[in-house]
Each structure stands twice: as C-alpha cells, then as structure tokens.
1. Has the stretch 119-137 got at least one residue that is touching a Phe, Trp or Tyr at 6+ places or on another chain (Cβ under 9 Å), without any contact (Cβ under 8 Å) to a residue 60 or more places away in the chain and among the charged types (D, E, K, R)?
2. When the residues of the stretch 200-212 are narrowed to those that are out of contact with any Phe, Trp or Tyr (no Cβ under 7 Å at 6 or more places or on another chain) and not in a loop (DSSP other than H, G, I, E, B), which ends up surrounded by the fewest Cβ atoms within 10 Å (Cβ to Cβ)?
3. Please specify each residue of the stretch 46-81 satisfying the condition of being touching a residue at least 24 places away in the same chain (Cβ under 8 Å), outside any strand (DSSP E or B) and out of contact with any Ser or Thr (no Cβ under 8 Å at 6 or more places or on another chain).
4. Being under 23 Å from Ile174 (Cβ atoms) and touching a Ser or Thr at 6+ places or on another chain (Cβ under 8 Å) is true for just one of Phe102, Phe87, Phe95. Which residue is that?
5. Using the structure shown, decide if Trp42 is outside any loop (DSSP other than H, G, I, E, B) and modelled with pLDDT under 95.
6. Could you list, in sequence order, all residues of the stretch 185-199 that are outside any loop (DSSP other than H, G, I, E, B) and over 18 Å from the mean Cα position of the chain (by Cα)?
7. Considering the stretch 20-41 alone, what residues qualify as being of a type in the set (A, V, I, L, M) and more than 18 Å from the chain's Cα centre (by Cα)?
8. Take the residues of the stretch 177-199 that are closer than 23 Å to Thr123 by Cα and touching a Gly at 6+ places or on another chain (Cβ under 9 Å): which is surrounded by the fewest Cβ atoms within 10 Å (Cβ to Cβ)?
Amino acid sequence: MKPTIVLNETPSVLNNYLAEIRSVEIQKDSMRFRQNLRRIGWITAQEISKAMAFEQKTVTTPLAEAHVHTVAEDVVIISILRAAIPFGEGLLDVFDKAESGFVGAWREEEIEGEEVRVSLGYTALPDLTGKTLILADPMLATGKSLVKTVNQILKSSTPSKLHLATVISAPEGISYISKNMPMAFQLWTSAIDEKLNEKAYIVPGLGDAGDLAFGQKK
C-alpha cells in the first residue's frame, strides 16, 4: 500500500463535502461545517478499515448462522484539539468500540524566518501499547503538530500501527512528516493542495478549521 492515500483521487460523494467546507459562503454555517467534517470522518474511517486485519466470526440470526469478517484490531482514536473534534467524532461513529483521547496543540503565531513553532498542552491518552492508533488532525500544514504529538505519545506507550487521518494536506507537511515521524505510518488525506503561504497556511485550503467549527479565538 502507498504511504499516502489521497481519497479524492477516486470520485465519490466525499467531493461534495470537500466543496462545502471550502466554500467561503457555505462554511459560514458552523453547524454545517462541523457536520461535513464529521461526514468526511465517516468516509475516512471506512477507507482506513480496508487496510486492517479481519477475523471470521459466526453470528446467529433468527433463521440460521451467518459467517462474517470483522475488524480484528484494537483501535484508539486521538484527536488534536480543537479542530479535530467533529472529524474525530466521525471516525468514532464508524469505529464505535474504539477508545479515544485528546491532545491540545497550537501554533505559536510568531514566525521566525520560515520556522513555525508548535506547543502542546492538555493531553488525555489511554494506553496505546500494541494498539492501532488513528491520529486525527483535519489540516496537515507544516506537519509539526502531528510529529510532536506522536513523540509525546511514545513517551508513555507504543502503538503497533499508526494511521494519520487528515482532510486537507500541504506538500510541505507531507514532506516534513515523512522525514521526521518517529515511527512508520500510513497517511490518509481527502485532498493534497498546492502549497503553504508565507504564514504557513494551506493554499487554497479552507481557512482556520477550528475557528470555522467553533468560532474565532481571542
């Protein structure tokens, strides 16, 4: 399997949701914006599930027994606050037996040269030892939040697999995580955009996902 899976390369209803979260008019409706992120989470989760291990089980129906194949991995979903909350909820809707956790990460606004600094704060993490980690962050811009979060996670436990779930990614961020991620990973993104601008925002992107979902920060 390729290290990066780009979901909008295959035409599907996903593109409708991407169009709406990008639209400068439609994205003004924060409830609709959150719902579209959640829907993209559903689709992303289904795609990730195709790369997982399955096991056969037998279930009893009202008429007979049926043989089915179900996911055989223990999944944990970690959302990077705050923008990933609705996206992560979509992932959890599909992996409804998964444990979940949260990491607060934010970009320090001051840019020194071309460097963007990222800080971590609040963390609430279950034990990830031997489990499949899906790390959710809708915007993969510089990639520093993802790398820093994984480094923090590895201080306490080591997952067996790492899936990075994003909505829109920049080539610069993909390059950064490819060089700096401390463990093997699979990246799932709905779209890869053109570039980062001088303020390290994705172009064309969609703006600030956290502000669009929950209102502007002071």
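The values are calculated or read from the model by the stated rules, or taken from the named source; none is laboratory data. Everything numeric here is computed off the predicted structure, so don't read it as measured data. Cβ placement follows ideal geometry from the backbone for every residue including glycine, while neighbour counts extend to all protein chains displayed.
1. yes
2. Of the residues in the stretch 200-212, the ones out of contact with any Phe, Trp or Tyr (no Cβ under 7 Å at 6 or more places or on another chain) are 200-211.
Filter once more, so that each one left must be not in a loop (DSSP other than H, G, I, E, B): 202-203, 209-211.
Details: Ile202: 25, Val203: 10, Ala209: 25, Gly210: 19, Asp211: 13.
My answer is Val203.
3. Selection gives Gln46, Glu47, Ile48, Ser49, Ala51.
4. Values: Phe102 fails: under 23 Å from Ile174 (Cβ atoms); Phe95 fails: under 23 Å from Ile174 (Cβ atoms).
After ruling out the rest, the residue left standing is Phe87.
5. Values: outside any loop (DSSP other than H, G, I, E, B): yes; modelled with pLDDT under 95: no.
When the stated conditions are applied, Trp42 does not pass them.
6. Applying the first criterion (outside any loop (DSSP other than H, G, I, E, B)) to the stretch 185-199 yields 186-192, 195-196.
If the condition is that a residue be outside any loop (DSSP other than H, G, I, E, B) and over 18 Å from the mean Cα position of the chain (by Cα), then Lys195, Leu196 are the ones that fit.
7. Going residue by residue through the stretch 20-41, those that are of a type in the set (A, V, I, L, M) are 21, 24, 26, 31, 37, 40.
Scanning the stretch 20-41 gives Val24, Ile26, Met31.
8. Asn180
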